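What follows draws every value from the coordinates through simple rules; no lab data is involved. Everything numeric in this text was worked out from a predicted model, so none of it was measured. We place every Cβ from the backbone using ideal geometry, glycine too, and count neighbours over all the protein chains shown.
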Amino acid sequence: MAGVFYYFVEATSVLPSGEHQVRMEFAYAGGGLGKGGQLTLYVDGNNVGEGSVAMTQAMVFSADDGCDVGEDSGAPVSPDYGSHGNAFDGTVKGVQLAIADAAENSTHLVSPEDAIRIAMARQ
């Protein structure tokens, strides 16, 4: 598959029904392009899974694949499903992408007030 490698980091429990904040943090190992790092998953600020990613994509090869929210319409991120018919049937209320200092959060939970403040600051 064009030299694409899959690394899986999964939660240790099933996401319960209802409204939740789901967060993924990636701590890049550094040392050049394409290096790996540590990935941690959070639900409502609680660590629910973590693991290592041996390498990342060193160069961008698609301008928009990977920017899907609620449905994966391009190259699937998992061989568990195809690129069609995989839509999330819930409601995604917001998405935040942050890097470097902007991603720092000691509680691993973004309050609704902070989410609104951040969104309004970028208007």
Choose one answer from D72, D44, D101: the residue with the largest mean-square fluctuation in a GNM of the chain with alpha-carbon springs under 10 Å. D101
Rounded to two decimals, the Debye log10 I(q)/I(0) of the range 8-58 (Cα scatterers, no solvent) at q = 0.15, 0.27, 0.31, 0.32 Å⁻¹ is -0.46, -0.98, -1.15, -1.20
Here the FRET efficiency for F5 versus C67, based on Cβ atoms and R0 = 22 Å and rounded to 0.05, is 0.60
Give me the Debye-computed log₁₀ of I(q)/I(0) at q = 0.15, 0.16, 0.23 Å⁻¹ for the chain, equal point scatterers on Cα only, no solvent, two decimals. -0.90, -1.04, -1.71
For K35, K93, ascending order of other Cβ atoms within 10 Å (fewest first) is K93, K35
Could you compute the FRET efficiency for F88 and M55, with r as their C-beta to C-beta distance and R0 at 22 Å, rounded to 0.05? 0.20
Using +1 at the C-beta of Lys and Arg and -1 at the C-beta of Asp and Glu, which of Y81, Y28, F5 has the Cα lying farthest in the positive direction of the dipole of the chain? Y28
